[in-house]
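Q: Can you keep this structure in mind? I'll have questions shortly.
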Amino acid sequence: MTAVEAPHTPRVRRVLLIVGGGIAAYKALELVRLMRKAGLEVKAVLTRSGAEFVTPLSLAALTGSAVRQDLFSSEDETAMGHIELSRWADLIVVAPATAGLLAKAATGAADDLASTTLIATDAPVLLAPAMNVRMWLHPAVQANLATVRAFSEPRYTVVGPDDGEMACGEYGPGRMAEPAAILAAILTHDGKAGSGDRPLAGRHALVTAGPTFEPIDPVRGLTNRSSGKQGYAIAGALARAGARVTLVSGPVGLGTPTGVDRVSVETADQMLAAVEAALPADLAVLTAAVSDWRVADAADRKIKKQPGEGPPTLTLVENPDILKALSRHPDHRPALVIGFAAETGELERRAAAKLETKGCDWIVGNDVSEGVFGADETRVMLFRKGQTPDPWPETTKTAVADRLVHAVAVHFKKEAS
């Protein structure tokens, strides 16, 4: 399966892309490229502010179709072009969906081609919000989002936004979802308004992320290079899919994803205790890089070098195996337990062996031998009991999170049927 293939035959064939005004508009060009590569027919509406960031010529070259901009175009509106556009599309995608476009959609304002098309359509609408973190968290923006979610026709679904650094230098939720993640939402959309919006509503998901830190003394400790980015991306994707999410996190420098309850810990023992306290859960995704060992007797004062003496001897003892403990939990084992296997070689053999020995249901294996720790990109394979390993192409950790959450939603839907 490639980055642009759907898990099932997509019902969406014709996409109308509305490009709003924001720095994230440049991502719309890559999104068009991916959609065309996936075999979708694409037309574009470029807002006046969007044209400050990308050109009509760029969009036209990539879509293979003339770009629409003006509501009062004498050529296009002779045949009521905005009505024709709204009827042509199987799905309307707004990327970036700015605060202004959200407000117009929520209130029915229709003062340009984009906003008029949104209220003239009965096709489903997929929003990819993008704005400054303070704007995203403003109660007016959240109220507008809640309003459009509640519409019956047309019905709206949302992909993103992601957490991360903004063009303005601030950090938090508000970055537009990556084009690969938006494409995945398009290809898995069944063409029905509101489909796939909150498929995990009513479920409790438990996620672990980041490294653990095992103290040697009050200053030093045993840890690893895990950034927590993949686990945080998964926690955010689960929340967007409607799940109640408990994120048990080791020490990282990341902001808590929107809608996620975070429990901060340091050691493996603390992480296990927090995981136990969070049960019961329907789903557990254990991405944390838990230290295999800890120092048997951590010093209560900083260990100092002594003249004429060599380095101190550290006696290590094994840490609890959180994945195995949860997979074999006698009382509250989640219905689906997913572990992660970070390997520096022989990925398939080692991940398959871990799936067997830990007792979990799925393993996401990734090769961390080169440039994965701290990066935004990754390459993984999904291992499921009784199934052939599924290699996923190199993509962003956000896209991996969205794809994994989609697989989880499909799994629970099959289990319920």
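The values are calculated or read from the model by the stated rules, or taken from the named source; none is laboratory data. In this text the structure is predicted, and so the values were computed from the model without any measurement. Positions of Cβ are backbone-derived with ideal geometry, glycine not excepted, and every protein chain shown enters the neighbour counts.
Q: State whether the residues of segment 239-253 include one that is under 30 Å from PRO161 (Cα atoms) and surrounded by fewer than 16 Cβ atoms within 10 Å (Cβ to Cβ). Write out each step before concluding.
A: Narrowing segment 239-253 to residues under 30 Å from PRO161 (Cα atoms): 239-253.
Still in the list and also surrounded by fewer than 16 Cβ atoms within 10 Å (Cβ to Cβ): 251, 253.
Yes; the residues of segment 239-253 include at least one that is under 30 Å from PRO161 (Cα atoms) and surrounded by fewer than 16 Cβ atoms within 10 Å (Cβ to Cβ).
Q: In segment 268-299, what count of residues is obtained for those that are among the acidic types (Asp, Glu) and surrounded by 17 or more Cβ atoms within 10 Å (Cβ to Cβ)? Give the steps one after another, and end with the answer.
A: In the first step, residues of segment 268-299 are kept if they are among the acidic types (Asp, Glu); the result is 269, 276, 282, 292, 297.
Of the ones still in play, those that are also surrounded by 17 or more Cβ atoms within 10 Å (Cβ to Cβ) are 282.
Total meeting the criteria: 1.
Q: Output the qualifying pairs, or none if there are none: Cβ atoms under 6 angstrom, residues six or more apart or on different chains, first residue in segment 385-407 and within 20 Å of PRO179 (Cα to Cα), second residue of a type in the set (Ser, Thr, Tyr) and in a loop (DSSP other than H, G, I, E, B).
A: The qualifying pairs are PRO393/THR2; HIS406/THR188.
Q: Output the number of the condition that THR78 fails; it satisfies all remaining conditions of (1) within 27 Å of the chain's Cα centre (by Cα); (2) modelled with pLDDT under 90; (3) more than 23 Å from ILE186 (Cα to Cα).
A: (1)
Q: What is the residue count in segment 25-66 for residues that are outside any helix (DSSP H, G or I) and either under 29 Å from PRO393 (Cα atoms) or not assigned by TED's automatic domain parsing to the domain that holds ALA114 (or both)?
A: Taking segment 25-66 as the starting set, the residues that turn out to be outside any helix (DSSP H, G or I) are 38-49, 53-55, 64-66.
Right, trim to either under 29 Å from PRO393 (Cα atoms) or not assigned by TED's automatic domain parsing to the domain that holds ALA114 (or both) and you get 38-44, 54, 64.
Of the residues in that region, 9 qualify.
Q: Need pairs with beta-carbon distance below 7 Å; first residue of a type in the set (Lys, Arg) and within segment 46-72, second in a loop (DSSP other than H, G, I, E, B) and surrounded by 14 or more Cβ atoms within 10 Å (Cβ to Cβ); sequence gap 6+ or separate chains.
A: Taking only residues 6 or more apart or on different chains, the pairs are ARG48/ASP112; ARG68/ASP76.
Q: Follow-up. When you scan segment 236-261, how many residues do you find that are aliphatic (A, V, I, L, M) and closer than 18 Å to LEU272 by Cα?
A: Residues of segment 236-261 aliphatic (A, V, I, L, M): 237-239, 241, 243, 245, 247-248, 252, 254, 260.
From what is left, the residues that are closer than 18 Å to LEU272 by Cα are 245, 247-248, 252.
Residues that pass the stated criteria total 4.
Q: Now for a different question. Which of the residues belonging to segment 248-267 are small (Gly, Ala, Ser) and either touching a residue at least 60 places away in the same chain (Cβ under 8 Å) or within 22 Å of SER291 (Cα to Cα) (or both)? Don't jump to the end; show me each part of the working.
A: So in segment 248-267, the residues small (Gly, Ala, Ser) come out as 249-250, 253, 255, 259, 264.
SER249, GLY250, GLY253, GLY255, SER264 - these are the residues of segment 248-267 that are small (Gly, Ala, Ser) and either touching a residue at least 60 places away in the same chain (Cβ under 8 Å) or within 22 Å of SER291 (Cα to Cα) (or both).
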